[in-house]
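Asks: This is the structure, below, for whatever I ask next.
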Amino acid sequence: MRQELPEAFDKRMRDMLGDEFEDYMDSYQDVRQYGLRINPMKITEEELRAGSGFSLSPIPWTQEGYFYKEGDQPARHPYYTAGLYYLQEPSAMTPTSRLPVDPGERVLDLCAAPGGKATALGAALNGKGVLVANDISNSRAKALLKNIELFGISNAFVTNEVPGKLAESFEGFFDKVLVDAPCSGEGMFRKDPAVIKTWDEERPLYFAKLQKDILKNAVRMLRPGGLLLYSTCTFAPVENEESISWLLETCPDMQLLPIQAFEGFAPGNPSWGNGDPSLTKCVRIWPHKMKGEGHFLALLKKSEEAEAPRIKLGKPAKMEKKSLEILKGFFEDCTWQPDWEQTEIRADKVYLVPELPQKLSGIHFLRNGLYMGEMKKNRFEPSQQLAMTLKASQYAGSLSLKPEDERIDRYLKGETILVESGEATRENGWILVCVDNFSLGWGKLVNGVLKNKYWSGWRRN
């Protein structure tokens with residue numbers, strides 16, 4: 001049965017695609033593609049195949065992406081709870097695969113929720129440098145924070161701000177900026193037909209105005225020589241080539257760069273923008289040409305000669321000697337060590353914080369760095385977030401269960417579980433509970449009984 005599309009959208013797509021329009025309409029009958037992106041900080045493809053039994057085949061345009069079959073149900077596997085992969089539509093993996101990020105850089109994901117692209121950027125940083133992940137919606141920012149913590153990203157500053165407010169504190173700060181802009185969502189019509197009902201002719205114009213404001217502030221926050229990747233999941237020229245045309249005209253320090261090609265990528269169309277021939281360096285992903293939904297990408301570079309503001313970095317508050325001794329005592333059992341110079345205590349809570357500008361007054365944030373745990377009376381209690389950054393091999397006390405072990409489900413529900421002598425690497429004390437040596441959370445083992453320390457906010461119903 002042929003998909004019913006809004007009349008104005010149908011007419012514009014016929015004009016845009018010409019002879020290809022029927023192929024585009026036929027793509028609505030194609031089987032939907034499902035994708036996951038592995039977390040390279042925690043697992044390899046071989047380990048995921050062996051432990052999960054999923055039917056994986058590589059997504060060829062991105063290094064860590066894989067198609068899976070709907071029947072695999074990866075969201076229900078304990079590996080998902082261990083933060084070993086992120087479920088993501090295959091085309092949506094493209095933007096981060098075309099923004100080169102190296103460990104130690106300063107990276108901003110300006111419209112980051114629910115976290116698909118932020119987790120990819122954070123994994124590329126591998127705990128070095130800083131990832132600022134922002135979303136204007138508080139509820140969506142909370143989902144973003146959970147995904148970042150599940151992935152074990154220790155160097156994130158998760159914010160909930162309008163771009164203009166961020167730009168006041170972060171002007172010229174970032175090496176790389178990703179703007180996966182809010183858009184009219186036309187590229188998702190096939191994946192989610194409910195999106196069709198939200199569309200009207202004014203919607204692309206509304207988002208185009210919003211995108212210009214976001215882009216203007218994104219450029220402000222980019223350092224000279226830095227890279228900006230702009231992406232949308234819409235076909236509308238006003239949100240794609242026209243937004244980039246506006247940016248090039250408004251910000252002469254910015255220029256388009258070519259994007260690493262792949263068979264099926266289509267070039268941007270200058271006639272859908274201001275006629276600038278360089279718009280062909282943009283990429284359009286059409287669902288009738290690739291195994292994915294609709295997307296648009298543009299990679300831009302800021303001139304090395306652009307003005308560079310001077311930025312003073314903040315310093316963490318010094319810890320008192322006794323607290324530091326207690327913390328170091330806990331970490332004697334751990335081969336992973338925090339940078340003590342970047343560790344601070346706020347209201348008895350211990351954080352490993354990334355290097356950020358000194359002036360962050362008024363910025364609303366959900367998390368600054370890795371929440372490692374809480375100082376109690378003469379002791380330290382580790383956090384769920386710390387557990388997610390560790391592997392079984394990095395902590396002296398661990399219990400590794402197989403995915404099919406019924407105790408995993410009970411543990412994730414917050415229940416107490418029984419442990420046979422010799423199953424854990426020690427008989428008493430803090431235990432890192434794992435599935436196939438991939439951490440799930442903490443427990444406290446006393447005489448064969450594991451008291452559950454899995455964070456209540458993540459427990460299964």
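Asks: Kindly provide the set of residues from region 309-343 that are surrounded by fewer than 16 Cβ atoms within 10 Å (Cβ to Cβ) and assigned to a loop (DSSP other than H, G, I, E, B), ordered by number.
Replies: Answer for region 309-343, where residues must be surrounded by fewer than 16 Cβ atoms within 10 Å (Cβ to Cβ) and assigned to a loop (DSSP other than H, G, I, E, B): P309, R310, K312, G314, K315, A317, K318, E320, T335, W336, Q337, D339.
Asks: Does L356 satisfy being within 29 Å of G314 (Cβ to Cβ), surrounded by 20 or more Cβ atoms within 10 Å (Cβ to Cβ) and under 24 Å from the mean Cα position of the chain (by Cα)?
Replies: Criteria met by L356.
Asks: Six or more apart or on different chains, Cβ atoms under 9 Å: show the pairs whose first residue is in region 128-146 and closer than 16 Å to M388 by Cβ and basic (K, R) and whose second is part of a loop (DSSP other than H, G, I, E, B) and modelled with pLDDT of 95 or more.
Replies: As it stands, the answer is K146/P114; K146/G115, since those pairs meet every condition given.
Asks: Given the condition in contact (Cβ under 8 Å) with a residue 12 or more places away in the chain, within 28 Å of M319 (Cβ to Cβ) and surrounded by 15 or more Cβ atoms within 10 Å (Cβ to Cβ), answer yes or no: does some residue in region 408-428 qualify?
Replies: No, the conditions are met nowhere in region 408-428.
Asks: Pull out all pairs, ordered by first then second residue, where Cβ-Cβ is under 6 Å, the residues are six or more apart or on different chains, the first lies in region 344-364 and is more than 22 Å from E374 (Cα to Cα), and the second is basic (K, R) and part of a loop (DSSP other than H, G, I, E, B).
Replies: Q358/K312
Asks: Hey, another quick one. Could you identify the single residue in D213, D175, D192 that is acidic (D, E), free of Cβ contacts under 8 Å to residues at least 12 places away in the same chain and in the same structural domain as A113 (by TED's automatic domain parsing)?
Replies: The unique qualifying residue is D192.
Asks: May I pose another question? Which one of these is at pLDDT below 95 and surrounded by 12 or more Cβ atoms within 10 Å (Cβ to Cβ): A347, A396, A306?
Replies: Numbers: A347 fails: surrounded by 12 or more Cβ atoms within 10 Å (Cβ to Cβ); A396 fails: at pLDDT below 95.
Only one candidate passes the filter, namely A306.
Asks: Here's another thing I want to ask about it. Failed condition for M16, given (1) of a type outside the set (K, R); (2) in a loop (DSSP other than H, G, I, E, B); (3) modelled with pLDDT of 95 or more, with all others met?
Replies: Every listed condition holds for M16 apart from (2).
Asks: Can you name the number of the only condition in (1) of a type in the set (D, E, K, R); (2) in a helix (DSSP H, G or I); (3) over 13 Å from the mean Cα position of the chain (by Cα) that D200 fails?
Replies: With (1) of a type in the set (D, E, K, R); (2) in a helix (DSSP H, G or I); (3) over 13 Å from the mean Cα position of the chain (by Cα) applied to D200, the lone miss is (2).
Asks: Same structure, new question: Can we say S231 is in contact with a helix residue (DSSP H, G or I) (Cβ under 9 Å, 6 or more places away or on another chain), of a type in the set (S, T, Y), buried (at least 23 other Cβ atoms within 10 Å of the Cβ) and outside any loop (DSSP other than H, G, I, E, B)? Walk me through how you get there before you give the answer.
Replies: Values: in contact with a helix residue (DSSP H, G or I) (Cβ under 9 Å, 6 or more places away or on another chain): yes; of a type in the set (S, T, Y): yes; buried (at least 23 other Cβ atoms within 10 Å of the Cβ): yes; outside any loop (DSSP other than H, G, I, E, B): yes.
Yes; evaluated as a whole, the condition is true for this residue.
Asks: Pick out the one residue from G373, G292 that is more than 21 Å from R106 (Cβ to Cβ), of a type in the set (G, A, S), assigned to a loop (DSSP other than H, G, I, E, B) and assigned by TED's automatic domain parsing to the domain that holds K165. Quick ask: steps written out before the conclusion?
Replies: On the way: G373 fails: assigned to a loop (DSSP other than H, G, I, E, B).
None of the other options fit; the residue is G292.
Asks: What residue, among those in region 26-46 that are modelled with pLDDT of 95 or more and aliphatic (A, V, I, L, M), is nearest to C434 (Cα to Cα)?
Replies: Across region 26-46, the extreme among qualifying residues is I43.
Asks: Go through (1) in contact with a Ser or Thr (Cβ under 7 Å, 6 or more places away or on another chain); (2) free of Cβ contacts under 8 Å to residues at least 24 places away in the same chain; (3) of a type in the set (G, A, S) one by one and return the number of the condition G373 breaks.
Replies: Single failed check for G373: (2).
Asks: Let me confirm something: among R106, R76, which residue is free of Cβ contacts under 8 Å to residues at least 24 places away in the same chain and either touching a Gly at 6+ places or on another chain (Cβ under 6 Å) or among the charged types (D, E, K, R) (or both)?
Replies: Details: R106 fails: free of Cβ contacts under 8 Å to residues at least 24 places away in the same chain.
Unique residue meeting the criteria: R76.
Asks: Something else now. Read through the list (1) of a type outside the set (V, I, T); (2) in contact with a helix residue (DSSP H, G or I) (Cβ under 9 Å, 6 or more places away or on another chain); (3) farther than 19 Å from E168 by Cα, then give the number of the only condition that G225 fails.
Replies: Unmet condition: (2).
Asks: Hey, can you tell me all the residues within region 30-66 that are surrounded by 13 or more Cβ atoms within 10 Å (Cβ to Cβ) and aliphatic (A, V, I, L, M)?
Replies: Selection gives L36, I38, M41, I43, L48, L56, I59.
Asks: Is it fair to say D333 is among the acidic types (D, E) and touching a residue at least 60 places away in the same chain (Cβ under 8 Å)? Lay out the reasoning, then the answer.
Replies: Details: among the acidic types (D, E): yes; touching a residue at least 60 places away in the same chain (Cβ under 8 Å): yes.
For D333, the condition - among the acidic types (D, E) and touching a residue at least 60 places away in the same chain (Cβ under 8 Å) - is met.
Asks: Which fully enclosed helices (runs of 4 or more DSSP H) of region 46-159 have 1 or more residues being within 24 Å of S383 (Cβ to Cβ) and under 11 Å from the mean Cα position of the chain (by Cα)? Steps first, please.
Replies: Working: elements: 78-81, 94-97, 116-125, 138-150.
Here the list reads 116-125, 138-150.
Asks: Would you point out the residue of region 359-370, among those that are within 20 Å of the chain's Cα centre (by Cα) and part of a loop (DSSP other than H, G, I, E, B), that is surrounded by the most Cβ atoms within 10 Å (Cβ to Cβ)? Steps first, please.
Replies: Step one: of region 359-370, the residues within 20 Å of the chain's Cα centre (by Cα) are 364-370.
In the following step, the residues that additionally are part of a loop (DSSP other than H, G, I, E, B) were identified as 364, 369.
Values: H364: 12, G369: 24.
Out of the qualifying residues, it is G369.
Asks: Given the conditions (1) outside any strand (DSSP E or B); (2) touching a residue at least 40 places away in the same chain (Cβ under 8 Å), report the number of the one that A298 does not fulfil.
Replies: That leaves (1) as the condition not met.
Asks: Follow-up question, since we're still on this one. With the structure loaded, tell me whether K451 is touching a strand residue (DSSP E or B) at 6+ places or on another chain (Cβ under 8 Å), of a type in the set (D, E, K, R) and not in a helix (DSSP H, G or I) or whether it fails that test.
Replies: Details: touching a strand residue (DSSP E or B) at 6+ places or on another chain (Cβ under 8 Å): yes; of a type in the set (D, E, K, R): yes; not in a helix (DSSP H, G or I): yes.
Yes, satisfied.
The values are calculated or read from the model by the stated rules, or taken from the named source; none is laboratory data. All of these numbers come straight from a predicted model, not from anything done at the bench. No Cβ is skipped: glycine too gets one built from the backbone with ideal geometry, and neighbour counts run over all protein chains shown.
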